[in-house]
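Colleague: My questions will all concern the structure given below.
The values are calculated or read from the model by the stated rules, or taken from the named source; none is laboratory data. This one's a predicted model, so the numbers in the text were calculated from it and none came from an experiment. Don't worry about glycine lacking a Cβ; one is built from the backbone with ideal geometry, like all the others, and counts go over all protein chains shown. Accessible surface areas use protein heavy atoms only, side chains included; no ligands, DNA or RNA. Shrake-Rupley method; radii C 1.70, N 1.55, O 1.52, S 1.80 Å.
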Amino acid sequence: MNRRILEKIFANGVGKVRVPRVKLLQLGYNFLYHTHTMINYKGTQYEYCFDYGYMILDKDWVLVLKDVFEE
């Protein structure tokens, strides 16, 4: 279910989509469940649900992205 929610949010986006955290919660997103975590070279942490990921920007905003390395 989490992946479908991220896919729906990202459907109209290009690159990355900034979305209010409350919108994800309203759609039923559960922040406790994810498939893996990635930390980039700058130390920024991303949580992934298969090929869609997110980064917490602050308490109210989330940055949703699609993994470009997935085939």
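Colleague: If I ask for residues that are open to solvent by 90 Å² or more (accessible area, probe 1.4 Å), in a loop (DSSP other than H, G, I, E, B) and more than 20 Å from Lys8 (Cα to Cα), which ones from the stretch 33-47 would you list?
Modeller: Residues of the stretch 33-47 open to solvent by 90 Å² or more (accessible area, probe 1.4 Å): 33, 39, 41-42, 45.
Narrowing the set further to residues that are in a loop (DSSP other than H, G, I, E, B) leaves 33, 41-42.
If the condition is that a residue be open to solvent by 90 Å² or more (accessible area, probe 1.4 Å), in a loop (DSSP other than H, G, I, E, B) and more than 20 Å from Lys8 (Cα to Cα), then Tyr41, Lys42 are the ones that fit.
Colleague: How many of the residues in the stretch 33-71 are over 15 Å from Leu6 (Cα atoms) and touching a residue at least 40 places away in the same chain (Cβ under 8 Å)?
Modeller: Matching residues across the stretch 33-71 total 1.
Colleague: Within the stretch 48-58, which residues are on the phi < 0 side of the Ramachandran plot and surrounded by 10 or more Cβ atoms within 10 Å (Cβ to Cβ)?
Modeller: Within the stretch 48-58, Tyr48, Cys49, Asp51, Tyr52, Gly53, Tyr54, Met55, Ile56, Leu57 qualify.
Colleague: Continuing with this model, one more query. Just to be sure I understand the filter: pairs with C-beta atoms under 7 Å, separated by 6 or more residues or on different chains, first member in the stretch 17-32 and more than 12 Å from Met1 (Cα to Cα) and open to solvent by 40 Å² or more (accessible area, probe 1.4 Å), second member outside any loop (DSSP other than H, G, I, E, B) and not hydroxyl-bearing (Ser, Thr, Tyr). Which pairs pass?
Modeller: Arg18/Trp61; Arg18/Leu63; Pro20/Trp61; Arg21/Trp61; Arg21/Val62
Colleague: Test each condition in (1) in contact with a strand residue (DSSP E or B) (Cβ under 7 Å, 6 or more places away or on another chain); (2) open to solvent by less than 50 Å² (accessible area, probe 1.4 Å); (3) not polar (S, T, N, Q) for Trp61 and report the one that comes out false.
Modeller: All conditions are met except number (2).
Colleague: Would it be correct to say that Arg3 is surrounded by fewer than 13 Cβ atoms within 10 Å (Cβ to Cβ), at pLDDT below 95 and touching a Phe, Trp or Tyr at 6+ places or on another chain (Cβ under 7 Å)?
Modeller: When the stated conditions are applied, Arg3 does not pass them.
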